[in-house]
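Chemist: What follows is a structure written as structure tokens; I'll ask about it next.
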Amino acid sequence: MDRTQRTEIVNMCMIYSGELILVQDKINAEWGGLTFPGGHVEAAESLTDAVIREVFEETGLTVASPRLCGIKDWVNDDGSRYMVLFYKTDKFSGKLKPSCEGDVFWMPLDKLLSMTDRLSLDMKDMIKVFLDDDLSEFFYYKKNGKWLYELK
């Protein structure tokens, strides 16, 4: 039995400082709104190096010691898997600046969670995986042709 599966890997990083969380107002027609910075892992790049690079490109900050805290994943109709690695850190340096991906700014978590009309798709529940040590996966699946998800 073949156990290989084509997989696209991306990352997302929650950067925090005390009670504040770094938020990106992502400009994207398919998946926009308030989210955390991140992006694709390049070929032959380590997963950790990828999140450090993506955060720098999108925020101007250099993060250190990003800790893997969960994943979001699903299987596409063609059998390939899409996997988002969730990281978090409070170690960073540099000067905050926006990018072509969107503006970035600090915000208290409770305010972010209250802005449901501005959050990226399913962001409120994704944040639960970032914060709850008893959760490690945000898994999408299809049932009767409709996408649903479970937090595991």
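The values are calculated or read from the model by the stated rules, or taken from the named source; none is laboratory data. None of these values were measured; they are calculated from a predicted model. Please note: Cβ atoms are built from the backbone with ideal geometry, for glycine as well, and neighbour counts cover all protein chains shown. Ligands, DNA and RNA are stripped out before the accessible areas are found, and what is left, the full protein with its side chains, is counted by its heavy atoms. Shrake-Rupley method; radii C 1.70, N 1.55, O 1.52, S 1.80 Å.
Chemist: Kindly provide the chymotrypsin sites (Phe, Trp or Tyr not before Pro) of segment 1-109 that DSSP labels as loop, not H, G, I, E or B, and whose Cβ sees at most 15 other Cβ atoms within 10 Å. Display every interim value, and only then the final one.
Modeler: On the way: sites: 16, 31, 56, 74, 82, 86, 87, 92, 105, 106; in loops: 31.
In loop regions of segment 1-109 (DSSP not H, G, I, E or B), the sparsely surrounded chymotrypsin sites (Phe, Trp or Tyr not before Pro) are 31.
Chemist: Take 27, 21 and sort them by solvent-accessible surface of the protein heavy atoms, 1.4 Å probe, largest at the top. The partial results should precede the final answer.
Modeler: Values: 27 125, 21 10 Å².
Result, largest first: 27, 21.
Chemist: Just need the relative contact order of the chain here, percent rounded to a whole number, with Cα pairs under 8 Å and 6+ apart. Can you show the working numbers first?
Modeler: Working: 314 pairs, mean separation 41.1, N = 152.
The value is 27 percent.
Chemist: Also: In degrees from 0 to 90, rounded to the nearest 10, what is the angle of the helix 47-59 Cα long axis to the longest principal axis of the chain?
Modeler: 50 degrees
Chemist: Next question, about the same structure. Taking a virtual spin label 7 Å from the Cα of residue 150 along the C-beta vector, which residues in segment 63-81 bring their backbone nitrogen under 14 Å of it?
Modeler: It comes to 73-75, nothing else.
Chemist: Show which lysines lie in cross-link reach of residue 128 when reach means a straight Cα distance below 25 angstrom and same-chain residues fewer than eight apart are skipped.
Modeler: By straight Cα distance, residue 128 reaches 26, 72, 88, 91, 111, 142, 143, 146, 152.
Chemist: Suppose only helical runs count, i.e. DSSP H with n ≥ 4. What mean residue ellipticity at 222 nm does that imply for the chain under -39500 (n - 2.57) per run, divided by all residues and rounded to the nearest 500 deg cm²/dmol? Don't skip to the end; give the middle numbers.
Modeler: Working: 3 runs with 28 residues, N = 152.
Computed mean residue ellipticity for the chain: -5500 deg cm²/dmol.
Chemist: Sticking with this one: Once ligands and nucleic acids are excluded and a 1.4 Å probe is used, how much of residue 48 is accessible, expressed in Å² to the nearest 10?
Modeler: 60 Å²
Chemist: Just reorder 135, 34, 96 by solvent-accessible area, largest first, 1.4 Å probe, all chains present. Walk me through the intermediate numbers first.
Modeler: On the way: 135 35, 34 0, 96 55 Å².
Most to least solvent-accessible, the answer reads 96, 135, 34.
Chemist: Roughly how many percent of the accessible protein surface of segment 1-146 is carbon and sulfur, given a 1.4 Å probe and a whole-percent answer? Walk me through the intermediate numbers first.
Modeler: Details: 4190 of 8180 Å².
Of all accessible area on segment 1-146, carbon and sulfur atoms account for 51 percent.
Chemist: Right, here's the next one. Measuring with a 1.4 Å probe in the full set of protein chains, what accessible area per residue, in whole Å², belongs to the chain? Spell out each step's value before the answer.
Modeler: Numbers: 8650 Å² over 152 residues.
That works out to 57 Å² per residue.
Chemist: Here is a further query. Got the relative contact order for segment 1-65 handy, in percent, Cα pairs under 8 Å and 6 or more residues apart?
Modeler: Working: 75 pairs, mean separation 16.9, N = 65.
Answer for segment 1-65 is 26 percent.
Chemist: Sticking with this structure for a sec: Run the numbers for residue 57 and residue 40: contour at 0.36 nm per residue of separation, minus the present Cα-Cα distance, in nm. Don't skip to the answer; put the middle values down first.
Modeler: Working: separation 17, 0.36 × 17 = 6.12 nm, distance 1.17 nm.
Difference between extended and current length: 5.0 nm.
Chemist: Using DSSP to call loops (not H, G, I, E or B), can you name the GluC sites (Glu not before Pro) in segment 1-64 whose Cβ has at most 15 other Cβ atoms within 10 angstrom?
Modeler: Answer by residue number: 19, 30, 42, 45.
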